[in-house]
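Supplied in structure tokens, the structure appears directly below.
The values are calculated or read from the model by the stated rules, or taken from the named source; none is laboratory data. From a predicted model like this one, the values you see are computed outputs, not experimental measurements. Using ideal geometry, Cβ is built from the backbone for each residue, glycine included, and neighbour counts are taken over all protein chains shown.
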Amino acid sequence: MNVWMSLIVSLIAIGAVVVVGAIGGLVPALHPVFGVVIPYAALAVFILGFIWRVLRWAKSPVPFPIATTAGQQKSLPWIKQDKLENPSTRWQVVDRMILEIVLFRSLFRNTRMELYKENGKLTYGWQLWLWAFALAFHYSFLVVVLRHLRFFLDPIPLPVTLLESVDGFLQVGLPSVMISGFVLLGAVGYLLVRRLYVPFMRYISLPSDYFPLFLIASIAATGILMRYVVRVDVVGVRELTLGIATLNPVVPDGINFLFYIHLFLVCVLLAYFPFSKLMHLGGIFMSPTRNLRGNSREFRHVNPWNYPVKTHTYDEYEEEFRDRMIEAGLPVEKQPAESGSATDTESAEDSAE
Amino acid sequence: MWRVIHQYMDTMNGPTDFMEDPVNPITGTRFENAKSTKMVHITEFTADLIRHNKLKLDKSRNDNLVVTFHDSCNPSRGMGLLDEPRYVIQNTCNHFYEMPPNTIREQTFCCGSGSGLNAGENLELRFRGGLPRANAVRHVHEKHGVNMLACVCAIDRAALPPLMEYWVPGVDVTGVHELVGNALVLDGEKERKTDLRGEPLPGMEEEE
Amino acid sequence: MADEVPNPQEMINIDHRPPATGWMDTPTVLRKGIYCYAGNPKSLEYVGLPNPRQWHPEDDDWKLPENWVEIVLDGLRDRLDRFRSLKIFMDICVRCGACADKCHYFIGSGDPKNMPVLRAELLRSVYRKDYSLAGKILGKTVGARKLTYQVLKEWWYYFFQCSECRRCSVFCPYGIDTAEITILARELMNLLGLNIDWIATPVANCYRTGNHLGIQPHAYVDMLDFFCDEIEDVTGVRPKPTFNRKGAEILFITPSGDVFADPGTYTAMGYLILFHYLEQMGLDITWSTYASEGGNFGFFTSHEMMKRLNAPRPSAWGSSGSWAANAATCGG
Ligand code: HEM
Ligand code: SF4
Ligand code: SF4
């Protein structure tokens, strides 16, 4: 799959989603389907799929404590442990995880390798763009999602209103401009351009990497269009969304088809989520290299499937080498005369179980 | 192997209740961090001895060496053994320089021959994979005159010498405890003229 | 052999630009100097590893069992059920590329399949084909492909170009550890007898003699004796190590490599000197010829083999030390 094919495939997929959404919006008879049935179905797929995924992961045990230790271990009392990068208690793990999840700690380390062929030198410069744009992307996405709660809750909770006033602090335009949407679009743009521009990124990318970016970009773009350009009937929309939230669905007339495209895109995102890489949201919490302690010599980690294995016991070892051991002055358990009787221990099971 | 001991061994073959908790008999230090596996890394042991002033060390015997330290991958990223070997090195020799920060500690580069890839027929792979490590050594070799690459891994001691010879001629490889062996002043020892390799000690060159 | 290696000026001419064809459509050609030789059948046989036979990586026919695809896929399923790490790492990679230029083999070779993310995709693509509906239906479009002979060879080539160093996992935002994927992929390939000799033979040696190099007890004692001679020459003092001594307080285990070849031997001498010094102060330490290996190449074969080779350590304690001091190798 080269980059053009990948782009074409994912663009076709997005195009199809938009067209289907538009049809749903343009044909009034379909409004109940696209305004009510599909959103509920998508939500159900999202919730059940998410749970199914997490349970599927949880079903497999973590047999060994394989934390990636990215700092000094806890050892001698006078050596300073790096508690965040090599945690030895549960609380320290929590701190590490918070940094990972809230601040993308590991991505913050990112470097870029450069080879100077003229003098054969390699350098690894600190590279923060990916980290910065990834943070911008995720946080603006979060803010956008939270702001949308105003459509699903009545009365609108104070935190949501507050968030809106922070988000719109620039106070430009009417309706006032919400920054998050533009940041989201900008960050998605960066991630997309990076994928296309950096040769190795282009090389590793699959259609399933472009598709979510296009999807989120389309959601943001249709949202921005509705807010600033095509002015949809917000009151009607809120009637519909509140109906969904209160399990009391209504389908008001006169909502612009653009809204149906937006909504259908969101539904696709929801339904797609549990079956895609977007599940990194759940996975990061369960990643064994990050959420385990590094104290594995201090406390024993139990492997539920630890089974006995065939080992080479000391008796078998001595049996084979006894004469030479005696010659070399090594102590032996049995003297040569009695050794004949020991051959039946040949395939002893692991005694250390 | 230290990854195996640190992260796997107790789970696989433990519990080792029949053994006693590890205590350094000379210093009385309890190795709390190893109380379940009862396996202590030799540099943890030696660092503890040095810290308690139990070793009589003559650093100047290593004065011919300008040392840097290669963190082996798994002791750093599968355990976190970073400062113990450094402490031992800094107490056994006078000239120690770190390689650039992005190439040491948890960001250390592999010797290029880890995980069983230390064969003879794949030298090209080993030299390619060892390039980042060698490049960082070359940096301190040129900047500080480093001529000795210390490590805590026996595979490194087999893999790094040809790598150095290929990319950074003039840098040799040593184990941390070779430095200890040279610096340690034994009761009743004669005046040492050479180090363990038979190379003349600093100031002894003419007498050879 | 060494004269076949390109010189440093040629070697440094590394092209990090990926080829024009997509990675799935770029056939893997095994190149001399990069791969290691196949495991000696005698070594496989000695420890009971499957499918011992003579074969060469450049042969077309690797003499696999008839049902090898089934063996691998069953093995994969089994490991997905036993290792949460594998399941999660198969599912959540976003291909952000943060790990890509962190791997020393990629830096040194420029081969895109040495980027940790693509190394993992080699296995992930097969996983997708089998475990995701989309993969079954859409195939390549979603990065899924069937396990073919060519894919297996590609696995073998690239999973033996990963040293399980975990550098990639430090940089991955989700901690995806390609070393873990390599460990399990090698485990799968070992089901078919696809080990390399530099692992298989040390494993067999270690099982038999307690150390990778196959040093037998009397030879082990001789070697240390020789070091004591050398130390005496240099210092005038002779250490007196003991072996397999019951009731000693500490058991010391070191990799056999340090007993065998320079410059590791000088490090072994360092241990002897240190212990001699401490014995004057009351240290009670012994060496074991049975648990005479600080490394564990079983780790590079399978979790089971790692456990089998590790077993002598605690049981050697049983009869001698009450705890152990250890100098060792890096990963395994
Ligand atoms: C705790 C939660 C999350 C964390 C820590 C997290 C972290 C990350 C990181 C570090 C990246 C890599 C940056 C990049 O690829 O550019 C990423 C990528 C991405 N994340 Fe998240 N994420 C989280 C939740 C989510 C959620 C809820 C979504 C929902 C839409 C999401 C969508 C994406 C997408 C689409 C990408 C790919 C960007 C690309 O293709 O370049 N993430 N995430
Ligand atoms: S850093 Fe992690 S998520 Fe990003 S491409 Fe590599 S393995 Fe995948
Ligand atoms: S673990 Fe393997 S893939 Fe990851 S950086 Fe190390 S050698 Fe490369």
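Out of curiosity, is C:LEU188 within 25 Å of B:ARG3 (Cβ to Cβ) and either out of contact with any Pro (no Cβ under 8 Å at 6 or more places or on another chain) or away from ligand 1 (no atom under 16 Å from the Cβ) (or both)?
Numbers: within 25 Å of B:ARG3 (Cβ to Cβ): yes; either out of contact with any Pro (no Cβ under 8 Å at 6 or more places or on another chain) or away from ligand 1 (no atom under 16 Å from the Cβ) (or both): yes.
Criteria met by C:LEU188.
Would you be able to say whether some residue in the stretch C:205-219 is within 15 Å of ligand 3 (Cβ to nearest atom), under 28 Å from B:ILE104 (Cβ atoms) and part of a loop (DSSP other than H, G, I, E, B)? Show your work before the answer.
Looking only at the stretch C:205-219, we keep the residues that are within 15 Å of ligand 3 (Cβ to nearest atom), and these are none.
For the stretch C:205-219, residues within 15 Å of ligand 3 (Cβ to nearest atom), under 28 Å from B:ILE104 (Cβ atoms) and part of a loop (DSSP other than H, G, I, E, B): absent.
Now, a different point. Spot the failing condition for A:VAL234; the list is (1) touching a helix residue (DSSP H, G or I) at 6+ places or on another chain (Cβ under 7 Å); (2) more than 16 Å from ligand 3 (Cβ to nearest atom); (3) farther than 30 Å from B:PRO22 by Cβ, and only one is missed.
All conditions pass for A:VAL234, except number (1).
Conditions tested, residue by residue: (1) away from ligand 2 (no atom under 16 Å from the Cβ); (2) part of a helix (DSSP H, G or I); (3) closer than 30 Å to A:ILE51 by Cβ.
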{"position": "A:VAL230", "(1), (2), (3)": "yes, no, no"}
{"position": "A:VAL266", "(1), (2), (3)": "yes, yes, yes"}
{"position": "A:GLY283", "(1), (2), (3)": "no, yes, yes"}
{"position": "A:ARG297", "(1), (2), (3)": "yes, no, no"}
{"position": "A:GLU316", "(1), (2), (3)": "yes, yes, no"}
{"position": "A:GLU320", "(1), (2), (3)": "yes, yes, no"}
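On to the next question. For the stretch C:25-41, state whether one or more residues are over 29 Å from A:PRO288 (Cβ atoms) and in a helix (DSSP H, G or I).
Yes, that holds for at least one residue.
Spot the failing condition for A:PHE151; the list is (1) touching a residue at least 12 places away in the same chain (Cβ under 8 Å); (2) within 14 Å of chain B (Cβ to nearest Cβ); (3) surrounded by 15 or more Cβ atoms within 10 Å (Cβ to Cβ), and only one is missed.
With respect to (1) touching a residue at least 12 places away in the same chain (Cβ under 8 Å); (2) within 14 Å of chain B (Cβ to nearest Cβ); (3) surrounded by 15 or more Cβ atoms within 10 Å (Cβ to Cβ), A:PHE151 is out only on (2).
Yes or no: the stretch A:7-18 includes at least one residue that is touching a Cys at 6+ places or on another chain (Cβ under 7 Å), of a type outside the set (D, E, K, R), more than 14 Å from every other protein chain (Cβ to nearest Cβ) and in a helix (DSSP H, G or I). Spell out how you get there, then give the answer.
We begin by selecting, within the stretch A:7-18, every residue touching a Cys at 6+ places or on another chain (Cβ under 7 Å); these are none.
There is no residue in the stretch A:7-18 that is touching a Cys at 6+ places or on another chain (Cβ under 7 Å), of a type outside the set (D, E, K, R), more than 14 Å from every other protein chain (Cβ to nearest Cβ) and in a helix (DSSP H, G or I).
I would also like to ask the following. Of all residues in the stretch C:167-207, how many are facing chain A (nearest Cβ under 8 Å) and either more than 16 Å from ligand 2 (Cβ to nearest atom) or under 22 Å from C:ASN310 (Cα atoms) (or both)? Walk me through it before giving the result.
Going residue by residue through the stretch C:167-207, those that are facing chain A (nearest Cβ under 8 Å) are C:169-177, C:180, C:207.
Those left that are additionally either more than 16 Å from ligand 2 (Cβ to nearest atom) or under 22 Å from C:ASN310 (Cα atoms) (or both): C:180, C:207.
The number of residues fulfilling the criteria is 2.
Looking at the structure I just gave you, is C:GLY210 more than 9 Å from every other protein chain (Cβ to nearest Cβ) and not charged (D, E, K, R)? Let's see the steps before the verdict.
Working: more than 9 Å from every other protein chain (Cβ to nearest Cβ): no; not charged (D, E, K, R): yes.
Criteria not met by C:GLY210.
So if I check each of C:GLY270, C:GLY236, C:GLY193, which one is more than 16 Å from ligand 1 (Cβ to nearest atom), crowded, with 21+ Cβ neighbours inside 10 Å, under 30 Å from B:ALA47 (Cα atoms) and at pLDDT 95 or above?
C:GLY270
Quick one: C:ASP101 ticks every box in (1) surrounded by fewer than 18 Cβ atoms within 10 Å (Cβ to Cβ); (2) within 16 Å of ligand 2 (Cβ to nearest atom) bar one, so which box is it?
Unmet for C:ASP101, out of (1) surrounded by fewer than 18 Cβ atoms within 10 Å (Cβ to Cβ); (2) within 16 Å of ligand 2 (Cβ to nearest atom): (1).
I would also like to ask the following. With the requirement that a residue be more than 19 Å from B:PHE31 (Cβ to Cβ), outside any helix (DSSP H, G or I) and among the aromatic types (Phe, Trp, Tyr), what does the stretch A:59-114 give you?
Within the stretch A:59-114, A:PHE64, A:PHE104 qualify.
List the number of the failed condition for C:GLY175; all other conditions in (1) crowded, with 23+ Cβ neighbours inside 10 Å; (2) in contact (Cβ under 8 Å) with a residue 24 or more places away in the chain hold.
It is condition (2) that C:GLY175 fails.
Looking at B:GLY198, is it at the interface with chain C (Cβ under 7 Å from one of its Cβ atoms) and either of a type in the set (S, T, N, Q) or assigned to a loop (DSSP other than H, G, I, E, B) (or both)? Reasoning before the result, please.
Working: at the interface with chain C (Cβ under 7 Å from one of its Cβ atoms): no; either of a type in the set (S, T, N, Q) or assigned to a loop (DSSP other than H, G, I, E, B) (or both): yes.
No; evaluated as a whole, the condition is false for this residue.
For the stretch A:187-232: of the residues being within 13 Å of ligand 1 (Cβ to nearest atom) and of a type in the set (Gly, Ala, Ser), which is farthest from A:VAL9 (Cα to Cα)? Can you show your working first?
Of all residues in the stretch A:187-232, those within 13 Å of ligand 1 (Cβ to nearest atom) come to A:187-198, A:201-202, A:204-220.
With of a type in the set (Gly, Ala, Ser) added as a condition, the list becomes A:187, A:189, A:205, A:208, A:217-218, A:220.
Values: A:ALA187: 22, A:GLY189: 19, A:SER205: 13, A:SER208: 9, A:ALA217: 16, A:SER218: 16, A:ALA220: 21 Å.
Residue satisfying both the conditions and the ranking: A:ALA187.
Okay, next question. Any residue in the stretch C:75-92 that is under 30 Å from B:PRO132 (Cβ atoms), touching a residue at least 60 places away in the same chain (Cβ under 8 Å), assigned by TED's automatic domain parsing to the domain that holds C:VAL170 and within 10 Å of ligand 2 (Cβ to nearest atom)?
Yes, the conditions are met somewhere in the stretch C:75-92.
Take the stretch C:17-39 and flag every residue that is touching a residue at least 12 places away in the same chain (Cβ under 8 Å) and within 12 Å of chain B (Cβ to nearest Cβ).
Correct list: C:LEU30, C:LYS32, C:GLY33, C:ILE34, C:TYR35, C:CYS36, C:TYR37, C:ALA38, C:GLY39.
Also: So which helices (runs of 4 or more DSSP H) are wholly in the stretch C:102-181 and hold at least 3 residues that are within 12 Å of ligand 3 (Cβ to nearest atom)?
Values: elements: C:104-109, C:116-131, C:133-138, C:149-159, C:167-171.
Once the helices (runs of 4 or more DSSP H) in the stretch C:102-181 are filtered for at least 3 residues that are within 12 Å of ligand 3 (Cβ to nearest atom), what remains is C:104-109, C:116-131, C:167-171.
Residues of the stretch C:90-101 being away from ligand 3 (no atom under 12 Å from the Cβ), part of a helix (DSSP H, G or I) and at the interface with chain A (Cβ under 8 Å from one of its Cβ atoms), which ones?
C:ASP91, C:ILE92
One residue is enough: does the stretch C:47-58 have a residue meeting the conditions surrounded by fewer than 17 Cβ atoms within 10 Å (Cβ to Cβ), part of a helix (DSSP H, G or I), at the interface with another protein chain (Cβ under 9 Å from one of its Cβ atoms) and more than 16 Å from ligand 3 (Cβ to nearest atom)? Steps first, please.
Let us first name the residues in the stretch C:47-58 that are surrounded by fewer than 17 Cβ atoms within 10 Å (Cβ to Cβ), namely C:48, C:50, C:53-54, C:56, C:58.
Retained after the next criterion (residues that are part of a helix (DSSP H, G or I)): none.
Checked the stretch C:47-58: no residue is surrounded by fewer than 17 Cβ atoms within 10 Å (Cβ to Cβ), part of a helix (DSSP H, G or I), at the interface with another protein chain (Cβ under 9 Å from one of its Cβ atoms) and more than 16 Å from ligand 3 (Cβ to nearest atom).
When you scan the stretch A:237-252, do you find a residue that is polar (S, T, N, Q), in the same structural domain as A:PHE50 (by TED's automatic domain parsing) and in a loop (DSSP other than H, G, I, E, B), even just one? Write out each step before concluding.
Here is the first cut: in the stretch A:237-252, the residues polar (S, T, N, Q) are A:241, A:246, A:248.
Within this subset, residues satisfying the condition of being in the same structural domain as A:PHE50 (by TED's automatic domain parsing) are A:241, A:246, A:248.
Those left that are additionally in a loop (DSSP other than H, G, I, E, B): A:246, A:248.
So far as the stretch A:237-252 goes, yes, one or more of its residues are polar (S, T, N, Q), in the same structural domain as A:PHE50 (by TED's automatic domain parsing) and in a loop (DSSP other than H, G, I, E, B).
Here are the criteria: (1) within 12 Å of chain B (Cβ to nearest Cβ); (2) crowded, with 19+ Cβ neighbours inside 10 Å; (3) closer than 23 Å to B:ASN74 by Cα. Tell me which single one C:ASP262 does not satisfy.
Answer for C:ASP262: the failing condition is (2).
Condition first: within 16 Å of ligand 1 (Cβ to nearest atom) and over 18 Å from C:LYS113 (Cα atoms). Can you find one or more residues in the stretch C:204-211 that meet it? Outline the logic, then answer.
Taking the stretch C:204-211 as the starting set, the residues that turn out to be within 16 Å of ligand 1 (Cβ to nearest atom) are none.
Looking through the stretch C:204-211, none of the residues is within 16 Å of ligand 1 (Cβ to nearest atom) and over 18 Å from C:LYS113 (Cα atoms).
If C:GLY135 passes every condition in (1) within 16 Å of ligand 2 (Cβ to nearest atom); (2) more than 21 Å from the chain's Cα centre (by Cα) but one, which one does it miss?
(1)
Looking at (1) within 11 Å of chain C (Cβ to nearest Cβ); (2) among the aromatic types (Phe, Trp, Tyr); (3) crowded, with 17+ Cβ neighbours inside 10 Å, find the lone condition where B:PHE18 falls short.
If we test B:PHE18 against (1) within 11 Å of chain C (Cβ to nearest Cβ); (2) among the aromatic types (Phe, Trp, Tyr); (3) crowded, with 17+ Cβ neighbours inside 10 Å, just (3) comes out false.
Which one is farthest from the other protein chains (Cβ to nearest Cβ), of the residues in the stretch B:165-194 that are charged (D, E, K, R) and part of a helix (DSSP H, G or I)?
Initially, the stretch B:165-194 is screened for residues charged (D, E, K, R), giving B:165, B:172, B:178, B:187, B:189-193.
Now restrict to residues that are part of a helix (DSSP H, G or I): B:165, B:178.
Details: B:GLU165: 10, B:GLU178: 4 Å.
So the residue we want is B:GLU165.
A further question follows. Which is part of a helix (DSSP H, G or I), in contact (Cβ under 8 Å) with a residue 60 or more places away in the chain and either assigned by TED's automatic domain parsing to the domain that holds C:TRP287 or not hydrophobic (A, V, I, L, M, F, W, C) (or both), of C:GLU187, C:GLU232? Give the steps one after another, and end with the answer.
Numbers: C:GLU232 fails: in contact (Cβ under 8 Å) with a residue 60 or more places away in the chain.
After applying the criteria, what remains is C:GLU187.
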